[in-house]
Amino acid sequence: MRRLVSLALALASASPSLAHADPDDGVYGLAAELPAQAPHALRISGERTTTWAVPGARIVPTTVTIAAQDNENTRFLVDVRYPHHGDCERALLRLGTRTYATTGWGGDDQSCSANFLLDPAAALDAAALFRTTRQDRHAIGDHVRGIFTTPRPRYHAGETIEVVLTMTSPAGAPTVAWQRGGQNRGPRDDQFDFEITRDGQPVPRIEAYNFGGLSFMDELAPSDHDEARTPLAPWADLSRPGHYEVRCSFSTLFAPAGNDPYAATTRGEVWDRTFTGTVSFDVVP
């Protein structure tokens, strides 16, 4: 098993649809945001309330990456990188009659980044404008099977009870990488989730929050298996005797082995996957 280290989140390929673009299409700074129409203001597309913005200077990108944010290819993130010209701030993307405001922005020592969230058609238009590829997702890792278990069927009150997910890849399948971590900076690993009953009655859930965390890409070869495990105690009080039924889920993403899911050319080559199952056990005094 080879482990690749990276920091959470991700995305595959289609071709542009536009043969030409309006000369005003492109990325601009956001000079002002207004609640009502005004001279030179553009209406922002996709906002729940009507918002207007005045564009500033044109921004010339150095790189543009367009990649799907979901397996259904209904949402696409446009990541525009451009040189520093002072502070990195909000920006606008003009595509014909539509104007989009950034959903996120930032920068580092070398460049600024402006992100826009687009629907599939607008993403194709943006791909044509910037002469790049719309990266659509395709299924990866569907051959992997997951089974939830507990190490024992019976525990004494106060003992640690773990849930284990075992993922198995069949012979002849391609080697894939899967994401471990990224939601474990907190009291528990929120890649897992559980609904728990005791003697048929729901056990109150302990609410908790995570603040992201370091993630790893673990490789799963054909005819091999891998495990993810967690104690149940951070989700519920299991100290009372009784028969427990637990509905389990574990959310991860898959990528081809050896790919960096955060590299500009392979952000679309990922696939979200949630494993589900049920375990049961008894707690005795």
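The values are calculated or read from the model by the stated rules, or taken from the named source; none is laboratory data. This one's a predicted model, so the numbers in the text were calculated from it and none came from an experiment. Here the Cβ is made from the backbone with ideal geometry for all residues, glycine too, and neighbour counts use every protein chain on show.
For segment 84-101, filtered to residues that are within 24 Å of the chain's Cα centre (by Cα) and crowded, with 21+ Cβ neighbours inside 10 Å, the residue that is farthest from Leu118 (Cα to Cα) is Ala91.
Can you name the residue in segment 166-209 that is over 19 Å from Phe281 (Cβ atoms) and in a strand (DSSP E or B) and, of all such residues, is farthest from the chain's Cα centre (by Cα)? Show your work before the answer.
Of the residues in segment 166-209, the ones over 19 Å from Phe281 (Cβ atoms) are 167-187, 189-191, 207-209.
From the residues that got through so far, the ones that are in a strand (DSSP E or B) too are 167-168, 176-181.
Values: Met167: 20, Thr168: 23, Val176: 18, Ala177: 15, Trp178: 13, Gln179: 11, Arg180: 13, Gly181: 12 Å.
Among residues in segment 166-209 that are over 19 Å from Phe281 (Cβ atoms) and in a strand (DSSP E or B), the one farthest from the chain's Cα centre (by Cα) is Thr168.
Beta carbons closer than 6 Å, at least 6 apart along the sequence or on distinct chains, pair a first residue in segment 86-105 that is at positive phi with a second that is surrounded by fewer than 16 Cβ atoms within 10 Å (Cβ to Cβ) for Gly96/Asp22.
Taking segment 68-102 as the range and being in a strand (DSSP E or B) and under 20 Å from Ala41 (Cβ atoms) as the test, the residues that pass are Ala91, Leu92, Leu93, Arg94, Leu95, Arg98, Thr99, Tyr100, Ala101.
Arg48 falls short on exactly one of the conditions (1) at pLDDT below 95; (2) charged (D, E, K, R); (3) surrounded by 11 or more Cβ atoms within 10 Å (Cβ to Cβ), and that condition is (3).
Restricting the search to segment 103-129, which residues are assigned to a loop (DSSP other than H, G, I, E, B) and either out of contact with any strand residue (DSSP E or B) (no Cβ under 9 Å at 6 or more places or on another chain) or buried (at least 21 other Cβ atoms within 10 Å of the Cβ) (or both)?
Asp108, Asp109
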